[in-house]
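Engineer: Sharing a structure with you now.
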Protein chains: 2
Amino acid sequence: MHSDIFYEIIRSRQSDRAYETRPVEKEKILRIFEAARLAPSACNAQPWRFIVVDDTELKNKLAEAAASRVLGINHFTKQAPVHIVVVMEPANFNSNFGSVVKGKAFPLIAIGIAAEHICLAAKAEGLGSCMLGWFDETAVKKLLNIPKSRRVPLIITIGYPAVELREKKRKSFDEIVSFNNY
Amino acid sequence: MHSDIFYEIIRSRQSDRAYETRPVEKEKILRIFEAARLAPSACNAQPWRFIVVDDTELKNKLAEAAASRVLGINHFTKQAPVHIVVVMEPANFNSNFGSVVKGKAFPLIAIGIAAEHICLAAKAEGLGSCMLGWFDETAVKKLLNIPKSRRVPLIITIGYPAVELREKKRKSFDEIVSFNNY
């Protein structure tokens, strides 16, 4: 049944922080981006651009920027053979109008949607992934010639995972769902 | 193959703006929220709460709040048998610290991820969905007793779709993806 396979992907997706060294097949990368391309966004603004970093030397420099020596986080990223840098692009008039009038950053919601399409597609391809939000954005932009006016909300590491599936620590159904009242 | 079914769900998910009147089975709603529950978020903050509105009278009042007479949008929502109101909850210390230091609203990205888990799970269940970002948030909060301090970034309509699959208008691969450089 379709839904069984979908939920299996949802259950087995996790933030993978260790990877095998073998490379990721190009055709898998292309299919993953077809999933990202079809993601929905407010007013169909598609406020995103993705930079695939698979050049080893450049990727290691990027991983340096993603690791924080002070806080000791994200030291695993050098292992991932592919890094996807998610750039937030200007949205269209309708989306910007809505963001301002309603006081909500619709492009950030869209970025979350597209990024998760990437992570779920990676899992469907037998790959692991991890979204990173904590990195030196200025260094990343300089390294990849990203215009100063752009924001880089996320980096996604992709590769064959070298870790087992963990149990997910999540709130219970009753803690997050209610019916017809807050 | 797992990936074929996944991509089929990605391709067939669309913003459905017309629904059949038949109700949605409770077990499907429960499975959809299991998918939402397992969604990833920065620092595992899970900054969300979902209110399922399936009481007909209440749902119609909510649909009134979601429709804008001035702009003529979202008039379809009354048809959808289920509305899911997505409430943004306070994140944990680590996520808030990161949001402030890095200047990114991680909870909004998380909301996008969880909302898309809902829409993709709905499609896996043979249901249609549509995310709405434009509605009278104050009226919605009053109707469902949502605390004033909370934000309501999205409402998601769910039901059996009464529309055909449309072609998706999206940017091309080359417009959104580049390798090792912006």
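Readers should treat all values here as calculations from the given coordinates under stated rules, not as data from a laboratory. Worth saying up front: this structure is predicted, and the values here are computed from it rather than measured. Methodologically, a virtual Cβ is constructed for each residue, glycine included, from the backbone with ideal geometry; neighbour enumeration extends over all protein chains shown.
Engineer: Residue by residue through segment B:7-15, which ³J(HN,Hα) values in whole Hz follow from phi under the Karplus form 6.51 cos²θ - 1.76 cosθ + 1.60 (θ = phi - 60°), with glycine and proline marked x?
Structural biologist: Values, residue by residue: 5, 5, 5, 4, 6, 8, 5, 8, 7 Hz.
Engineer: Please find the FRET efficiency linking A:ASP174 to A:GLU34, where r is the Cβ-Cβ separation and R0 is fixed at 41 Å, and quote it to the nearest 0.05.
Structural biologist: Details: r = 37 Å, r/R0 = 0.91.
For A:ASP174 and A:GLU34, the calculated efficiency is 0.65.
Engineer: So how far, in whole Å, is the C-alpha centre of segment A:147-168 from the one of segment A:100-128?
Structural biologist: Using only Cα atoms, the two centres lie 12 Å from each other.
Engineer: Let me ask something additional. For B:TYR19, what residues show an amide H to amide H distance below 5 Å, using hydrogens built from the backbone and excluding near sequence neighbours?
Structural biologist: B:ALA162
Engineer: Would you calculate, for chain A, the mean residue ellipticity at 222 nm contributed by helices, counting each DSSP H stretch of 4 or more residues as -39,500 (n - 2.57) and dividing by all residues, to the nearest 500? Before the final figure, lay out each step's value.
Structural biologist: Working: 7 runs with 74 residues, N = 182.
Taking each H run of at least 4 residues, the total per residue is -12000 deg cm²/dmol.
Engineer: Moving on. How about segment B:30-109: which chymotrypsin sites (Phe, Trp or Tyr not before Pro) there lie in a loop by DSSP and see at most 13 other Cβ atoms within 10 Å?
Structural biologist: Values: sites: B:PHE33, B:TRP48, B:PHE50, B:PHE76, B:PHE93, B:PHE97; in loops: none.
When the chymotrypsin sites (Phe, Trp or Tyr not before Pro) of segment B:30-109 are filtered for loop state and at most 13 Cβ neighbours within 10 Å, nothing remains.
Engineer: Turning to a different aspect of this structure: Which cross-chain or sequence-distant (5 or more) residues have an amide H under 5 Å from the amide H of B:ASN180, H modelled 1.01 Å from N in plane?
Structural biologist: A:VAL52, A:VAL53, A:ASP54
Engineer: Counting only other chains, and only Cβ atoms inside 10 Å, what mean value do you get across the residues of A:95-108?
Structural biologist: Working: counts 1, 0, 1, 4, 1, 0, 1, 8, 3, 11, 5, 7, 2, 10.
Counting Cβ atoms of other protein chains within 10 Å of each residue's Cβ and averaging gives 4.
Engineer: If you average the alpha carbon positions of segment A:16-86 and of segment B:10-57, how far apart do those two centres end up, in angstrom?
Structural biologist: 28
Engineer: Between the DSSP loop rule and a limit of at most 13 other Cβ atoms within 10 Å, which GluC sites (Glu not before Pro) in segment B:63-171 are left? Provide the component values of the computation, followed by the final result.
Structural biologist: Values: sites: B:GLU64, B:GLU116, B:GLU125, B:GLU137, B:GLU164, B:GLU167; in loops: B:GLU125, B:GLU164, B:GLU167.
Here the GluC sites (Glu not before Pro) that fit, given the DSSP loop and packing criteria, are B:GLU164, B:GLU167.
Engineer: Something else now. Defining the label point at 7 Å along Cα→Cβ, can you sort the distances from A:LYS148 to the same site in each other copy, shortest first, in nm?
Structural biologist: Here A:LYS148 shows inter-copy label distances of 4.2 nm.
Engineer: Compare the Cα positions of B:ALA110, B:HIS75, B:LEU38 along the charge dipole of segment B:18-163 (+1 at Cβ of Lys, Arg; -1 at Cβ of Asp, Glu; about the Cα centre) and return the one farthest towards the positive end.
Structural biologist: B:ALA110
Engineer: Here's a follow-up. In whole Hz, with x marking every Gly and Pro, tabulate ³J(HN,Hα) for segment B:87-101 from phi via Karplus 6.51 cos²θ - 1.76 cosθ + 1.60, θ = phi - 60°.
Structural biologist: With coefficients 6.51, -1.76 and 1.60, one gets 9, 8, 9, x, 7, 7, 4, 4, 5, 5, 4, x, 4, 6, 5 Hz.
Engineer: By count of other Cβ within 10 Å, fewest leading, how are B:THR157, B:THR21, A:THR77 ordered?
Structural biologist: Working: B:THR157 29, B:THR21 10, A:THR77 24.
The fewest-first ordering by Cβ neighbours comes to B:THR21, A:THR77, B:THR157.
Engineer: Calculate the FRET efficiency for B:ASN92 and B:GLU164 from the Cβ-Cβ distance with a Förster distance of 30 Å, rounded to the nearest 0.05. List each step's numbers first, then the result.
Structural biologist: Details: r = 43 Å, r/R0 = 1.44.
Between B:ASN92 and B:GLU164 the formula returns 0.10.
Engineer: Let me ask you something else. Could you tally up the Lys pairs in segment A:16-163 with alpha carbons closer than 15 Å? Skip any pair fewer than 8 positions apart unless they're on separate chains. Show your work: numbers first, answer last.
Structural biologist: On the way: A:LYS28/A:LYS123; A:LYS59/A:LYS78; A:LYS59/A:LYS141; A:LYS59/A:LYS142; A:LYS61/A:LYS78; A:LYS61/A:LYS141; A:LYS61/A:LYS142.
Taking segment A:16-163 as the scope, the lysine pair count is 7.
Engineer: At most 14 other Cβ atoms within 10 Å and a DSSP loop assignment: could you name the trypsin sites (Lys or Arg not before Pro) in segment A:1-110 that fit?
Structural biologist: Details: sites: A:ARG11, A:ARG13, A:ARG17, A:LYS26, A:LYS28, A:ARG31, A:ARG37, A:ARG49, A:LYS59, A:LYS61, A:ARG69, A:LYS78, A:LYS102, A:LYS104; in loops: A:ARG13, A:ARG17, A:ARG69, A:LYS104.
In loop regions of segment A:1-110 (DSSP not H, G, I, E or B), the sparsely surrounded trypsin sites (Lys or Arg not before Pro) are A:ARG69.
Engineer: Can I ask one more? Mind listing the long-range amide H neighbours of B:GLY159? Cut-off is under 5 Å, sequence gap 5 or more, other chains count too, H placed in the peptide plane at 1.01 Å from N.
Structural biologist: Sorted by chain and number, the residues that satisfy this are B:GLY128.
Engineer: Put a point 7 Å out from Cα along the line to Cβ at B:GLU34; what are the distances to that point in the other copies, in nm, shortest first?
Structural biologist: The answer, with the shortest distance listed first, is 2.9 nm.
Engineer: Quick one: with label points 7 Å out along Cα→Cβ, list the inter-copy distances for B:GLY126 in nm, shortest first?
Structural biologist: Nearest first, the other copies' label points are 3.2 nm away.
Engineer: Okay, moving on. How big is segment A:16-163 along each principal axis, measuring the range of its Cα positions in Å and listing the largest first?
Structural biologist: Largest first, segment A:16-163 extends 46, 34, 24 Å along its Cα principal axes.
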